[in-house]
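Here the structure is laid out as structure tokens; the discussion comes afterwards.
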Amino acid sequence: MSVLQSVERLWRKKERKAGVGIVFQEGDDGSLVVTSLLSDGPADRSGKIAAGDVLYEVDGKNVYRADKVKVAAVITGRAGGEVTLGLKRGLRYEADPVFHVRLQKEVMDKVGVVERFRMRREEERER
């Protein structure tokens, strides 16, 4: 690889967004649910976040049912930046505690993408 190619590769890497390696989907109620973790991403390496966890806070601010685009913008950013996520696990009763995980952002693919999913209870009952 030439020096020019190395510089171009580094430049492209700097232009890409950084995130924490969590795939969220928006539920019917507007909550952001962790559906998976990117292998060897910051969230995966923390060992503290699991599929099914629900996002409640970002850097101490309540984001439960907040606009997904705004939430994604706060979680993503420059590589090396840090973010603290507050999540709930399980049935998510009001009294359940929020647990916090501090993560460092890294450059990765599909940063800032949140998809919407629908619970298809009627279709599931038919199966």
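The values are calculated or read from the model by the stated rules, or taken from the named source; none is laboratory data. Bear in mind the structure is a predicted one, so any value in this text is a computation, not a measurement. As a convention, Cβ positions derive from the backbone with ideal geometry for all residues, glycine included, and neighbour counts pool all protein chains shown. What goes into the accessible areas is simple: the full protein's heavy atoms, side chains included, and nothing from ligands, DNA or RNA. Shrake-Rupley method; radii C 1.70, N 1.55, O 1.52, S 1.80 Å.
Restricting attention to segment 28-44 and to residues that are touching a residue at least 24 places away in the same chain (Cβ under 8 Å) and under 22 Å from G81 (Cα atoms), the residue that is most open to solvent (accessible area, probe 1.4 Å) turns out to be L38. Of the strands (runs of 3 or more DSSP E) lying entirely inside segment 48-114, the ones with 1 or more residues being open to solvent by 70 Å² or more (accessible area, probe 1.4 Å) are found at 82-88, 99-104. Scan segment 32-47 for residues that are within 22 Å of P97 (Cβ to Cβ) and part of a helix (DSSP H, G or I) and the total you get is 2.
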